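Presented below is the structure to which this report refers.
The values are calculated or read from the model by the stated rules, or taken from the named source; none is laboratory data. Bear in mind that the values here come from a model prediction, so they are computed numbers and not experimental data. Using ideal geometry, Cβ is built from the backbone for each residue, glycine included, and neighbour counts are taken over all protein chains shown.
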């Protein structure tokens, strides 16, 4: 016990020496909140000490949930269940450690799906900020079990303080996440976003929004757009259940966001779109008169060039959305934007796993389609 206490004291002294090295605006964590590894080589910190991005609410039943506790019993049961998946949640931090490690436990034993790998369903994904300010991928946490995964995400890091972005699992719930740095180095909260980029963009939608079937969490299109626009995003993708449900519309209406991206059409029928699209906009406009609302058409099912029924299915849904958009603009509702599906998956029929759910290539193409109108909605020029 005496040796453990001495070890902790030494770590604290070393931390005080190196903490000033953190970049301007970063907030160093108190080393006493870290847990030394058995060999003393690594100091582990809970991700909750750094703060999670991607959550719209603070009153949560579980710290890694996506919907507030008040949503239980108010939103459809499948939506509430899926809200325990940590899609879109991430952690930004800074450290000068020569390596970055992670320990994480999951809420479900199901690590993968038949058409989506465990790295996307239950894994971690690490990016680092480049000198030009953009983000570059550098490491991945591959899940091996539900409880007690531990891996080095990156080693041999160049000297200096670096800012990192760690994405959490897309289709599994996160029970806990810890970030490990070399003993004697510091770990701190990343600098806050500037005021003009502090408000998050909220994306509400289907399995595609949630990230099915990305190979890793950073490839879901809301995450791609978050890196490109360098601002927080809230991922409210609910597999099979993105249906513009009125109770959830009422909840998101009270969030202070930069824009709403509504990408629910794939899970809806033309009749349900006609029933719910306009009331959704009126619910949001009752609270936010000017916040941009971006409607996204249904993805073009990739077999539709050959199967007429598939083409008719998505075209009928999109026609209903387009009609609702037209009625809203005719009513004088402003701040509406519209993303057409033409070319969203390219023209080579190589963007999906199963004709609907994107591969990483498909997600990049969706992000390419949504980024220009979203930038216009936000009043942000392209880089």
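Of all residues in segment 346-383, those being over 21 Å from the mean Cα position of the chain (by Cα) and assigned to a loop (DSSP other than H, G, I, E, B) number 11. Do the conditions hold for residue 38, that is, is it part of a loop (DSSP other than H, G, I, E, B) and either outside the structural domain of residue 225 (by TED's automatic domain parsing) or surrounded by fewer than 18 Cβ atoms within 10 Å (Cβ to Cβ) (or both)? The answer is yes for residue 38. Taking (1) farther than 15 Å from residue 180 by Cα; (2) over 17 Å from the mean Cα position of the chain (by Cα); (3) assigned to a loop (DSSP other than H, G, I, E, B) in turn, residue 78 satisfies each apart from (3).
When residues in segment 256-266 are screened for being closer than 17 Å to residue 335 by Cα and assigned to a loop (DSSP other than H, G, I, E, B), 3 of them pass.
Among the candidates 304, 249, 289, the residue that is in a helix (DSSP H, G or I) and not assigned by TED's automatic domain parsing to the domain that holds residue 93 is uniquely 249. Out of the residues in segment 148-194 meeting the condition of being more than 24 Å from residue 236 (Cβ to Cβ) and within 20 Å of the chain's Cα centre (by Cα), tell me which one is surrounded by the fewest Cβ atoms within 10 Å (Cβ to Cβ). Among residues in segment 148-194 that are more than 24 Å from residue 236 (Cβ to Cβ) and within 20 Å of the chain's Cα centre (by Cα), the one surrounded by the fewest Cβ atoms within 10 Å (Cβ to Cβ) is 194.
Could we say that residue 317 is under 30 Å from residue 217 (Cβ atoms) and modelled with pLDDT under 95 here? So residue 317 does not fit the description; no.
Among residues of segment 276-295 that are in contact (Cβ under 8 Å) with a residue 60 or more places away in the chain, none has a beta-carbon under 7 Å from a residue that is part of a loop (DSSP other than H, G, I, E, B) and crowded, with 18+ Cβ neighbours inside 10 Å at least six positions away or on a different chain.
Kindly indicate whether any position in segment 333-343 is assigned by TED's automatic domain parsing to the domain that holds residue 254, at pLDDT 95 or above, touching a strand residue (DSSP E or B) at 6+ places or on another chain (Cβ under 9 Å) and part of a helix (DSSP H, G or I). Scanning segment 333-343 turns up no residue that is assigned by TED's automatic domain parsing to the domain that holds residue 254, at pLDDT 95 or above, touching a strand residue (DSSP E or B) at 6+ places or on another chain (Cβ under 9 Å) and part of a helix (DSSP H, G or I).
Only one of the numbered conditions (1) out of contact with any helix residue (DSSP H, G or I) (no Cβ under 9 Å at 6 or more places or on another chain); (2) surrounded by fewer than 16 Cβ atoms within 10 Å (Cβ to Cβ) is not met by residue 33, and that is (1).
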